[in-house]
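Below are the structure tokens for one structure; questions will follow.
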Amino acid sequence: MGCKLILAYLLDLALGDPPSWPHPVRWLGRLIVHLEDPLRRTFANPRLAGVVLAICVVGAAAGGTIIALQLVSSQPPSIRLAVEVWLIYGALSLQDLVNHARAVHRPLCQGDLPGAREALAKIVGRETGQLSEAGVIRATVETIAENTVDGVLSPLFYTTLGGPVLVWIFKAVSTLDSMVGYKNVRYREYGWAGARLDDIFNWLPARLSGGFITVAARLAGLDWRQTWKIFRRDGRLHASPNAGWPEAAMSGALGLRLGGPNVYHGRLVDKPWLGEACREPDREDILKAIRLLYITGALAVLCLTLVSTAIKWY
């Protein structure tokens, strides 16, 4: 599995997620949209409807992956390898995250704050129309930190644990959470199952992120001791059981306070601050966060490759 991890990771770095290409995540997203009305009509209890949605979407992801692998099971090893690598590559989103973060950074450097807000709105759930430049930078760094787990560490972890089938079960859960896992009137009950499953799947990778980001900070010449300190001190302050851990580590690495009050769907959410108020956010913080993301991803691939190799030889 180690070789497949490396190839998939390199493929993600080279290609990212071209929007014109067909992608299983987009297929899962369409399935989630198409199922909502029929399930709500069928089940009076929205939480039950959401549980059935989760079963259908996870089952579709697992079944589709198993079918794809079965179709090539009798093919030459090179074909089987290519299909498995492609499936793992599709579950990663490191380079796509980097591209979105750079799309926010570019207009900031050109003095185009409205353009940066517009680019940011594509990757965050908060309202961006009134954010200051510091708020835009902070939100971008938080998104990079949180998606270090969702888009990189968790997919790599579950690929190592269970190959393409398990990683696509995880991606189905992650897609459910991103589309219906909101705590608003519409989705609080309907999205409950997807949100809880996402919490479960990301629980361990989120906590492992502290070690990876701390080592990445050391390799990047940043304050690794502060990274570990803030990770351990503030990781549990976030309302989410998982998002706070990578955000706290990133906060410590950059010496930047993250979190705080933000507006979501017209409602002010008073989130706790993570880290220490050493200074105001700077545009270069986005590039530093991207560098940490790259190093963290490479470290995870290396460590998980060694683990899978050791397990194979054992």
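The values are calculated or read from the model by the stated rules, or taken from the named source; none is laboratory data. Quick caveat, the model's predicted, so the values are computed rather than measured. Virtual Cβ from ideal backbone geometry, glycine too; neighbours counted across all protein chains shown.
Check E118, E127 and return the single one that is over 13 Å from N262 (Cα atoms), more than 13 Å from the chain's Cα centre (by Cα) and surrounded by fewer than 19 Cβ atoms within 10 Å (Cβ to Cβ).
E118
Moving to a separate point now. State whether the residues of segment 98-106 include one that is over 24 Å from V165 (Cβ atoms), out of contact with any helix residue (DSSP H, G or I) (no Cβ under 9 Å at 6 or more places or on another chain) and part of a helix (DSSP H, G or I).
Within segment 98-106, one or more residues are over 24 Å from V165 (Cβ atoms), out of contact with any helix residue (DSSP H, G or I) (no Cβ under 9 Å at 6 or more places or on another chain) and part of a helix (DSSP H, G or I).
Out of all the residues in segment 58-80, which are out of contact with any Lys or Arg (no Cβ under 7 Å at 6 or more places or on another chain) and surrounded by 14 or more Cβ atoms within 10 Å (Cβ to Cβ)?
Answer for segment 58-80, where residues must be out of contact with any Lys or Arg (no Cβ under 7 Å at 6 or more places or on another chain) and surrounded by 14 or more Cβ atoms within 10 Å (Cβ to Cβ): V58, A60, A62, G64, T65, A68, L69, R80.
Within segment 17-32, can one find any residue that is at pLDDT below 95, of a type in the set (S, T, N, Q) and either over 20 Å from the mean Cα position of the chain (by Cα) or more than 23 Å from L197 (Cβ to Cβ) (or both)?
Checking segment 17-32: at least one residue is at pLDDT below 95, of a type in the set (S, T, N, Q) and either over 20 Å from the mean Cα position of the chain (by Cα) or more than 23 Å from L197 (Cβ to Cβ) (or both).
Further question on the same structure: Of everything in segment 235-253 that's part of a loop (DSSP other than H, G, I, E, B) and either of a type in the set (A, V, I, L, M) or touching a Leu at 6+ places or on another chain (Cβ under 9 Å) (or both), which residue is nearest to L287 (Cα to Cα)? Quick ask: steps written out before the conclusion?
Step one: list which residues in segment 235-253 are part of a loop (DSSP other than H, G, I, E, B), which gives 235-243.
If we keep only those that are either of a type in the set (A, V, I, L, M) or touching a Leu at 6+ places or on another chain (Cβ under 9 Å) (or both) as well, we get 235, 237-239, 243.
On the way: G235: 23, L237: 26, H238: 24, A239: 27, A243: 20 Å.
Within segment 235-253, the match that is nearest to L287 (Cα to Cα) is A243.
Moving on. Which of the residues spanning segment 15-32 are over 20 Å from I169 (Cβ atoms) and either in contact (Cβ under 8 Å) with a residue 40 or more places away in the chain or surrounded by 11 or more Cβ atoms within 10 Å (Cβ to Cβ) (or both)?
Result: L15, G16.
Ok, one more. Scan segment 259-286 residue by residue and report those that are surrounded by fewer than 16 Cβ atoms within 10 Å (Cβ to Cβ), under 30 Å from G181 (Cβ atoms) and not aromatic (F, W, Y).
Hits for segment 259-286 are G260, P261, V263, H265, G266, R267, L268, V269, D270, P272.
Same structure, new question: Only one residue in V25, V51, V58, V83 is touching an Asp or Glu at 6+ places or on another chain (Cβ under 9 Å) and either not polar (S, T, N, Q) or not in a helix (DSSP H, G or I) (or both), so which one is that?
Only one candidate qualifies: V25.
On the basis of being surrounded by fewer than 18 Cβ atoms within 10 Å (Cβ to Cβ) and in contact with a Phe, Trp or Tyr (Cβ under 8 Å, 6 or more places away or on another chain), does R47 make the cut?
yes
Among the residues of segment 202-217, how many are of a type in the set (A, V, I, L, M, F, W, C) and either buried (at least 24 other Cβ atoms within 10 Å of the Cβ) or in contact with a Pro (Cβ under 8 Å, 6 or more places away or on another chain) (or both)? Spell out how you get there, then give the answer.
As a first pass, look at segment 202-217 and keep what is of a type in the set (A, V, I, L, M, F, W, C): 203-204, 206, 208, 212-213, 215-217.
Keeping just the survivors that are either buried (at least 24 other Cβ atoms within 10 Å of the Cβ) or in contact with a Pro (Cβ under 8 Å, 6 or more places away or on another chain) (or both) gives 203, 206, 212-213, 216-217.
So the count comes out to 6.
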